[in-house]
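All remarks here apply to the structure that follows.
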Amino acid sequence: MHSGKAQAIQPLSSQYQFKDPLFSRTPDLRNASVAEMRGALRRYFITTFDAYESLFECLANEQAFYTKPISLRHPLIFYYGHTATFFVNKLLLTRMISQRINQKFESMFAVGVDEMSWDDLNDAHYQWPTPAQVKSYRDQVRALVLNLIDKAPLQMPIDWQNPWWAIIMGIEHERIHLETSSVLIRQHKLEFVRSSELWQANYKTGAAPQNQLRKVPVGRVALQKNKEDSFYGWDNEYGTHQADVNEFQASQYLVSNKEFCEFVEAGGYLNSHNWQEEGKNWLAYSKAQYPTFWVKKPQGWYLRLMTEEIPMPWDWPAEVNYHEAKAFCNWKKSETGLAVRLPTEDEWYRLYDHVGLSDLTDEKANANIHLDYTASSSPVNEFAQGDFFDVVGNVWQWIETPIYPFEGFEVHPIYDDFTTPTFDERHNIIKGGSWISCGNESLRSSRYAFRRHFFQHAGFRYVVSDQINLPPNSHYETDKLLSEYAEFHYGDQYFSVENFSKSLVNLAAEYLNDKPRRRALDLGCASGRATVELAKHFDSVTGIDFSARFIGQGVQLANQQTLRWAICEEGELVAYKSRSLADLQLQDLADKVEFFQGDACNLKPQFTGYDFILAANLIDRLYSPAKFLAQIHERLNVGGLLMITSPYTWLTDHTPREEWIGAFKKDGESFTTLDGLRHHLGKNFQLVAGPTEVPFVIRETKRKYQHTLSEVTIWEKLTPLLASPFRNQSLWFPLRSLPCNLGKGEELYSLLNTE
């Protein structure tokens, strides 16, 4: 145990036997010659690989490699091997190499990184290798990567599509684990760790400053990272995002141990009303009574660092998980009456811009970040950045915003599960970086997220604002049927077959020239593409579907959100897609559409008075199509058009056999669905177009598609003029035939009612 007495130490970076004076920054991947790039990547790889291995020298014995620091993560032997196998697995995917080094290791150490929850613990038994065996394997990987850097063909620049991206990805990935593994070492029992000359903590401490609120003026946040960017990024950083941020107040300092202690002493861990439901569950599971790195001893509070415990430095930032930070803000709100909460991601960017920060250069940072100083936090009032302190550096800062994808987000093909598993509303963003955050982690654009119960070198600052902008829905639809419909309505075009909904509306438009265009109804609208397309031609459009899950997709898009779905590639492999109305140049139509759940055979009274009704691929999915056809004229204005499309795929799963309107033998002759439509609609409609066939393609997997032809007919509602002399029913005429020679009425009647 360290005495806590302050002593001067050399900066950590100067103790590494690295060529660079500082722990090397993430390199510019575009503005360099091939020779310069090879040299920069060689340095970047070696410094990273060496630093990572030196971290494991903090383990006191072999047992420390196999004993889990916490039950929710693998033992450290896994992480020792994981970053090396990552290089091999990704290099294979880009075909920079063609053979494995150790297939067993490259399977064993491949997956299982993300922290688990207390209800999905992984107790699988592994036959782990020895640390010496892993070190030998790492030496082989080191030689492999260096040989590639020195000799593999290199074409500049290195960007998203370049196979060399896998090398940069491997280095940045190891820098992430440099940090996460240091947290696990910090969570280990003291008997399993030892002091290391290369990982010495800072012992500077003093009186904690009194936190105060500072104003951050209104401003606009604009983020845009494309694949031509000079610096490496993870998939969730790419795309565009803009937001107007209202004025807010933010705490000048990160919340210190002293300030957080007020919450602890006020019974913050005992008063459940300050905790959200998820936080209460974590509290019940963990039995926490104070922050996890605090140690309560007879002589007072101590703080656990990576390899030692020191008397509590009250002016250092409190390191907690999201639940604890959120509970503190709720308590502070109740104590002060102010709208205290955690900042949103946009507010953090606004604060960053307000104080005039920029990404790191090759000079020591004015921040406790990138291992430029020592292997621990430092006082919250040591690094001033404008009117604030530690906007970046010292510890990560919990953000109120769950991770979500920016517009234009794409999954990188060789790491398709880096971010997408976190788009579940359960992973919150952390920003700003800690003392050990380096490489990509130190950039303004970096976006990392962890489960809310997870511990990192993370603390928080709070803001005061009555307004909060919630992020868009980031859920990726994985239900097979819903995903296929999302792709069918809003996805790509296959085999040069135009989008089906768009084709139908374009066809209908040919018959709308002399028609009123006030209101349209899309019955069986499913995900709603045709509903929106119809809004090009009508003042308002209503979409109705029996399935609330389907219309939820349309509602989401109409609310100017992005629809996201996963489509099957093969087996369990998926690809990720996203679309917004803006992507389809339909965003200006959103205000003209509305969606309702409803039964086409039993519509509510308000759904009437339409000039056009579309029933696309609906008729053979109804439980009583005859009932639908007998009543649909009541919903349509006289002279209005009804478009019916269907492949006539009659199935008893949808429609009882006795309810089919066609597709069977009648009086020994074939009676088609079109015959049935004529029979049921002839009393109120005349056929004005069709039948014609419109193709559509439904994608099931990357190599399996359904190609179908839908028969289209367009019917015009007739106006009653006089009673039929042949039947006890009204005689109907098309509106556009008036004033016609009524002598043709008998001929028309015969045509419309032929069975």
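Considering only DSSP beta bridges whose two residues both sit in the chain, what percent are antiparallel, to the nearest 5?
75
Shape verdict for segment 480-717, please, from the Cα gyration tensor: rounded (a/c under 1.5), prolate (a/b greater than b/c) or oblate. Before the final figure, lay out the partial values.
Working: a/c = 1.76, a/b = 1.24, b/c = 1.42.
Because a/c hits 1.5 or more and a/b fails to exceed b/c, segment 480-717 counts as oblate.
Tally the DSSP beta bridges in segment 480-717 and give the antiparallel ones as a percent, rounded to 5. Don't skip to the end; give the middle numbers.
Working: 30 of 50 bridges.
Beta bridges within segment 480-717, antiparallel portion: roughly 60 percent.
Any idea how far the Cα center of segment 410-452 sits from the one of segment 161-230, in Å?
Cα centroid of segment 410-452 versus Cα centroid of segment 161-230: 11 Å apart.
Report the full-extension gain for the segment R517 to Q289: residue separation times 0.36 nm, less the Cα-Cα distance, to one decimal in nm.
Numbers: separation 228, 0.36 × 228 = 82.08 nm, distance 6.58 nm.
Between R517 and Q289, full extension yields an extra 75.5 nm.
Calculate, for Q210 and D479, the FRET efficiency according to 1/(1 + (r/R0)^6) with r their C-beta to C-beta distance and R0 56 Å; round to the nearest 0.05. Can you show the working numbers first?
Details: r = 53 Å, r/R0 = 0.94.
Result of the calculation: an efficiency of 0.60.
Arrange the following residues from fewest to most other Cβ atoms within 10 Å of their Cβ: S580, S71. Don't skip to the answer; put the middle values down first.
Working: S580 20, S71 10.
Exposure proxy ranking, most exposed first: S71, S580.
Beyond 22 Å between alpha-carbons counts as too far, so tell me which of K68/K297; K90/K431; K215/K332; K326/K577 fall in that bin.
Numbers: K68/K297 24 Å; K90/K431 27 Å; K215/K332 18 Å; K326/K577 33 Å.
In this structure, K68/K297; K90/K431; K326/K577 lie more than 22 Å apart at Cα.
Running Debye on segment 17-197 with equal point scatterers at the Cα sites and no solvent, what base-10 log of I(q)/I(0) appears at q = 0.10 Å⁻¹?
Debye intensities relative to I(0), on a log10 scale: -0.42.
Mind computing the radius of gyration and Dmax over the alpha-carbon atoms of segment 167-212? Å is fine for both.
15.8, 46
All other residues with a Cβ under 12 Å from the Cβ of V411 taken together, and with Lys, Arg as +1 and Asp, Glu as -1, what is their net charge? Walk me through the numbers before you get to the answer.
Details: positive: R564, K577; negative: D235, E410, D416, D417, E569.
Net charge around V411: -3.
Applying the Karplus parametrisation 6.51 cos²θ - 1.76 cosθ + 1.60 with θ = phi - 60° to the phi angles of segment 686-701, what ³J(HN,Hα) value in whole Hz is obtained for each residue in order, glycine and proline being reported as x?
Karplus values, whole Hz, x for Gly and Pro: 10, 6, 10, 7, x, x, 9, 10, 10, x, 8, 10, 10, 7, 9, 9.
How high is the relative contact order of the chain, in percent, counting Cα pairs under 8 Å that sit 6 or more residues apart? Let's see the in-between values first.
Values: 1425 pairs, mean separation 77.0, N = 755.
Averaging sequence separation for qualifying contacts and normalising by length gives 10 percent for the chain.
For segment 158-296, what D do you get in µm² per second when you plug the Kirkwood radius from alpha-carbon pairs into Stokes-Einstein at 37 °C and 0.692 mPa s? Don't skip to the end; give the middle numbers.
Working: Rh = 20.4 Å.
Calculated translational D: 161 µm²/s.
Taking the simple approach of a point 7 Å from Cα along Cα-to-Cβ for both T336 and D229, what is their distance in nm?
Each label point is offset 7 Å from its Cα along the Cβ direction, giving 3.3 nm.
Arrange R678, R657 by Cβ neighbour counts within 10 Å, fewest through most, would you?
Numbers: R678 20, R657 9.
Lowest count first: R657, R678.
Can you tell me the orientation of helix 34-55 relative to the chain, as the angle in degrees between its alpha-carbon axis and the longest Cα principal axis, to the nearest 10?
With both axes taken from Cα atoms, the answer is about 70 degrees.
Taking the chain as the reference, fit the longest principal axis to its C-alpha atoms, fit the long axis of helix 500-509 to the helix C-alpha atoms, and give the angle between the two in degrees, 0 to 90, nearest 10.
Roughly 40 degrees between the two axes.
At Y623 and K666, where each label point lies 7 Å from the Cα along Cα→Cβ, what is the point-to-point distance in nanometres?
Here the modelled spin labels are 2.4 nm apart.
Can you give the net charge of the other residues whose Cβ lies under 12 Å from the Cβ of E441, counting K and R as +1 and D and E as -1? Walk me through the numbers on the way to the answer.
On the way: positive: R25, R175, K431, R444, R447; negative: E172, E174, E179, E237, D359.
Summing Lys and Arg as +1 and Asp and Glu as -1 gives 0.
Taking R0 as 41 Å, what FRET efficiency do you get between E278 and A132 from their Cβ-Cβ distance, rounded to the nearest 0.05? List each step's numbers first, then the result.
Values: r = 42 Å, r/R0 = 1.03.
That pair, E278 with A132, gives E of 0.45.
Which angle from 0 to 90°, rounded to the nearest 10, does the C-alpha axis of helix 548-558 make with the longest principal axis of the chain?
With both axes taken from Cα atoms, the answer is about 70 degrees.
List the equivalent ellipsoid semi-axes of the chain in whole Å, largest first, each obtained as the square root of 5λ for an eigenvalue λ of the Cα gyration tensor. All intermediate terms of the calculation are to be shown ahead of the outcome.
Working: eigenvalues 803, 173, 105 Å².
Equivalent-ellipsoid dimensions as semi-axes: 63, 29, 23 Å.
Taking K and R as +1 and D and E as -1, what net charge do the other residues with C-beta under 13 Å from the C-beta of E309 add up to?
On the way: positive: R186, K189, K296, K297, R304; negative: E191, E308.
So the surrounding residues net to +3.
Using the beta-carbon distance between E407 and D591 and R0 = 22 Å, what value does 1/(1 + (r/R0)^6) give for FRET efficiency, to the nearest 0.05? Could you put the intermediate results ahead of the total?
Working: r = 20 Å, r/R0 = 0.90.
Calculated transfer efficiency: 0.65.
Taking the simple approach of a point 7 Å from Cα along Cα-to-Cβ for both A582 and W301, what is their distance in nm?
With each label placed 7 Å out from Cα toward Cβ, I get 4.5 nm.
Collect residues whose amide H, placed 1.01 Å from N in the peptide plane, falls under 5 Å from the amide H of E477; neighbours closer than 5 in sequence don't count.
Sorted by chain and number, the residues that satisfy this are R564, W565, A566.
Determine, for S378, S496, S547, the number of other Cβ atoms within 10 Å of each Cβ, and report the residues in order from fewest to most. Present the calculation step by step, with values, prior to reporting the outcome.
Values: S378 25, S496 7, S547 16.
Placing the least packed residue first, the sequence is S496, S547, S378.
Given only helices, namely DSSP H runs of n ≥ 4 each adding -39500 (n - 2.57), what is the per-residue ellipticity at 222 nm of the chain, to the nearest 500 deg cm²/dmol? Spell out each step's value before the answer.
On the way: 18 runs with 204 residues, N = 755.
Value at 222 nm, helices only: -8500 deg cm²/dmol.
Any read-out appearing in this document is the output of simple, stated calculations on the displayed coordinates, not a laboratory observation. The model shown is predicted, which means the values in this text are computed figures rather than measured ones. Heads up, the Cβs are rebuilt from the backbone with ideal geometry, glycines too, and the neighbour counts pull from every protein chain shown.
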